[in-house]
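Notes for the one structure printed next.
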Protein chains: 2
Amino acid sequence: MDNFQFYSPTEFVFGKGTENEAGRYVKKHGGSNVLLHFGEGSAVKSGLLDRVKSSLEEQGITYTELGGVKPNPRDTLVYEGIELCRSKGIDFILAVGGGSVIDSAKAIAMGVPYDGDFWDFYCGKSPEAALPVATVLTIAAAGSEGSGDSVITKEEGGLKRGAGSDLIRPRFSIMDPELTCTLPAYQTACGATDIMAHVFERYFTNTTEVEITDRLCEAVLLTMIKETPRVIADPGNYQARANIMWAGTVAHTNIVGVGREQDWNSHGIEHELSALYDCAHGAGLAVIMPAWMEFVCSHNVLRMAQAAVRVWGCEMDFERPENTAREGIARFRRFLRSIGMPINFAELGAKEEDIPALVEKFGIGDGRTGGFVELSAEDIAKIYHIAANAQI
Amino acid sequence: MDNFQFYSPTEFVFGKGTENEAGRYVKKHGGSNVLLHFGEGSAVKSGLLDRVKSSLEEQGITYTELGGVKPNPRDTLVYEGIELCRSKGIDFILAVGGGSVIDSAKAIAMGVPYDGDFWDFYCGKSPEAALPVATVLTIAAAGSEGSGDSVITKEEGGLKRGAGSDLIRPRFSIMDPELTCTLPAYQTACGATDIMAHVFERYFTNTTEVEITDRLCEAVLLTMIKETPRVIADPGNYQARANIMWAGTVAHTNIVGVGREQDWNSHGIEHELSALYDCAHGAGLAVIMPAWMEFVCSHNVLRMAQAAVRVWGCEMDFERPENTAREGIARFRRFLRSIGMPINFAELGAKEEDIPALVEKFGIGDGRTGGFVELSAEDIAKIYHIAANAQI
């Protein structure tokens, strides 16, 4: 196990009706003049936004609205948000939505007190200050409600990049699983895939002696494997929604990933897909992640077999562990198919002939990107080709 | 799953040599004049205290020392600490030690800004303020480094009671597994038992649909079952120590126990043993917890069988699930014996004839204490009798 620092100061407020507490928690965490940030309308249509506004008003908290966040949130709205916060003297940002809204809020939060271009933080610079951010979560997926991460897409050129800092960890996150009961099956499955990917990116590591985090990762994955089919079959199943929602947070605060080298290449490789085709991130991951697993399988067959046995319930083939490892990947793909996810380029709406452009945009040139297996541009092209042609 | 609030704002700094960062983290978290609280000498003898002092001095932080905390920490030293903090204008308490030292520090922290008797907080009153507390942990056991709990024993009469508040969650906890490599096997095993008990107290619940926390609980238990025998056989095994140390924290921040009814009766029933005989809390739990499990087994045989199968690796007896459930308890006892823990009163140094006095002190009279199974005084006596006579 490697040395680590772990800090997750977010106050999680979980359960039915908790969105009505939003105002009280904003006040508790020092907010008085709020930017209410949201998406393209579902929070408005469902009446959620009105309930949140009422709870702010009850506490005498003023607010300014900024809606319109799109999936794969854009820098253009972030710039608008930063200006708005400055002109209105905003002291607290409340994101009402999913990962895209929260990530956009985090970008605005870093940008407001910064003299330069907020995009600097998405090119490796660390912020020194940020407005406090909090969330009312509406989909279990990105884990942004409990993380210090944010991913933004540059409108011009479609560059999708991430930033990270403890300063943008939400002060509180209100998580009412009931709000997710009306999500369409496809979006639900995309979220579930994202959650599982967050765990797998931590699971496949070269760090040895990490039993506690291995087991915690497996705990989240086993939960997702049990609960996701239940909500696909019965979207209104509150209990299954609740298990998935908490699993999604645990998956990404990093409590299951501390002290070990991680591998975020599947996320990076996927980002080029969602940037180019504007497809859902989770759907892209469903296509990329098993392809990546196939490509890296021989690097550490016993670790891949461990996942197959402990997560997918495969019988260990002690004479041919690679068979077990590959059976685990096959079960992952069958699982993804069963919850309605695409498993190849055609099903995603991607094109094999775009692979050179995707690799080009990934932008490592002659270099390599580190992780479980160091990847060259050629390796990444191979992974895209496996993904393009995957079948069950 | 029930509604819940979860808040764990402690910054964990984990790994080799991290104790040398103590001064830097005190400064980061706003401390300038520190009470350095420790135990009966091991932190002094090992040179740890000197290293911590140097790191404080390097940051220009002044400090006052208060050592002498005993296992099952006493109210008398807490009163002394409160007076000392007031007279010296202390603004931060740094506990260097295990659960006893940390719990004593938390009691002092609540007592300093309070006009009344700090013992009020151990009789149900909630504190409104507390000095900031942080820790340099020297044993994986109580989980106090990541919890908002504290247990103190009243010298007069031997009353052992707990207090809880988010205000006493440590600001930071420095956790260097190497510091635990010199711990004697018995103390190590006591700590491991305490960690496992913290999980089991959360695991046996009447709340349904809690797959995510069930799985997280199992993750911690499986880790303990794998790693504890390794450190008993090879105390200097850093990697196994590291896994146990992080498992001990995860076991007790409550991240594995949110949204579910918990049962802390084994802890309560044990407290009377360690208060009367001054035995190690973990050793008392080794005697009590399996006895409690036997007593409550028929209440929900399938939940007990789930633990047997998922945690202890028992084969499920689908015709006779109770056999599986009881086999799980038997394996728990064999595990405890294998790591050198007592499993009955004689091995602990307790006496069956004291049971009426123990029950009397538990103090529920004609009432009942809630949990997985509500217990009367008579039930508690039965559990003590099972514990008194347990055999493998």
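At-a-glance table
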item	result
Residue in the stretch B:364-385 that is surrounded by the most Cβ atoms within 10 Å (Cβ to Cβ), counting only those that are within 15 Å of residue B:262 (Cα to Cα) and not polar (S, T, N, Q)	B:375
Residue match in the stretch B:241-251 (condition: outside any helix (DSSP H, G or I) and within 19 Å of the chain's Cα centre (by Cα))	yes
Subset of the stretch A:13-58 [within 14 Å of another protein chain (Cβ to nearest Cβ), crowded, with 23+ Cβ neighbours inside 10 Å and more than 24 Å from residue B:255 (Cβ to Cβ)]	none
Condition check for residue B:56: at pLDDT 95 or above, touching a Gly at 6+ places or on another chain (Cβ under 8 Å) and over 24 Å from residue B:187 (Cα atoms)	yes
Selection status of residue B:8, modelled with pLDDT of 95 or more and more than 14 Å from chain A (Cβ to nearest Cβ)	no
Flag if residue A:392 is among the β-branched types (Val, Ile, Thr) and outside any loop (DSSP other than H, G, I, E, B)	no
Failed condition for residue B:189, given (1) in the same structural domain as residue B:69 (by TED's automatic domain parsing); (2) crowded, with 18+ Cβ neighbours inside 10 Å; (3) of a type in the set (A, V, I, L, M, F, W, C)	(1)
The stretch A:129-184, residues that are polar (S, T, N, Q) and assigned to a strand (DSSP E or B)	A:135, A:150, A:153, A:173
Failed criterion for residue B:1 (all others in (1) buried (at least 18 other Cβ atoms within 10 Å of the Cβ); (2) more than 14 Å from chain A (Cβ to nearest Cβ); (3) closer than 30 Å to residue A:29 by Cα; (4) more than 23 Å from the chain's Cα centre (by Cα) hold)	(2)
Subset of the stretch B:27-55 that is hydrophobic (A, V, I, L, M, F, W, C) and touching a Lys or Arg at 6+ places or on another chain (Cβ under 9 Å) - its residue that is farthest from residue A:210 (Cα to Cα)	B:35
Unmet requirement for residue A:10, which otherwise passes all of (1) surrounded by 16 or more Cβ atoms within 10 Å (Cβ to Cβ); (2) in a helix (DSSP H, G or I); (3) polar (S, T, N, Q)	(2)
Residue count, the stretch B:40-74 (criterion: in contact with a helix residue (DSSP H, G or I) (Cβ under 6 Å, 6 or more places away or on another chain), not in a loop (DSSP other than H, G, I, E, B) and not charged (D, E, K, R))	8
Count of the stretch B:281-303 residues which are more than 14 Å from residue B:333 (Cβ to Cβ) and buried (at least 24 other Cβ atoms within 10 Å of the Cβ)	3
Some residue of the stretch B:149-161 being closer than 11 Å to residue B:95 by Cβ and among the β-branched types (Val, Ile, Thr)	no
Filter result for residue A:328 (under 22 Å from the mean Cα position of the chain (by Cα) and of a type outside the set (Ser, Thr, Tyr))	no
Those residues of the stretch B:60-84 which are in contact with a Ser or Thr (Cβ under 7 Å, 6 or more places away or on another chain), of a type in the set (A, V, I, L, M) and either under 25 Å from residue B:141 (Cβ atoms) or surrounded by fewer than 17 Cβ atoms within 10 Å (Cβ to Cβ) (or both), in sequence order	B:69, B:77, B:78
Within the stretch A:208-232, considering residues that are farther than 30 Å from residue A:3 by Cα and either at the interface with chain B (Cβ under 8 Å from one of its Cβ atoms) or in contact with a strand residue (DSSP E or B) (Cβ under 7 Å, 6 or more places away or on another chain) (or both), the one surrounded by the most Cβ atoms within 10 Å (Cβ to Cβ)	A:227
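The values are calculated or read from the model by the stated rules, or taken from the named source; none is laboratory data. Predicted model only: the values in this text are computed from it and were never measured. Quick reminder, even Gly has a Cβ in these numbers, built from the backbone with ideal geometry, and neighbours come from all protein chains shown.
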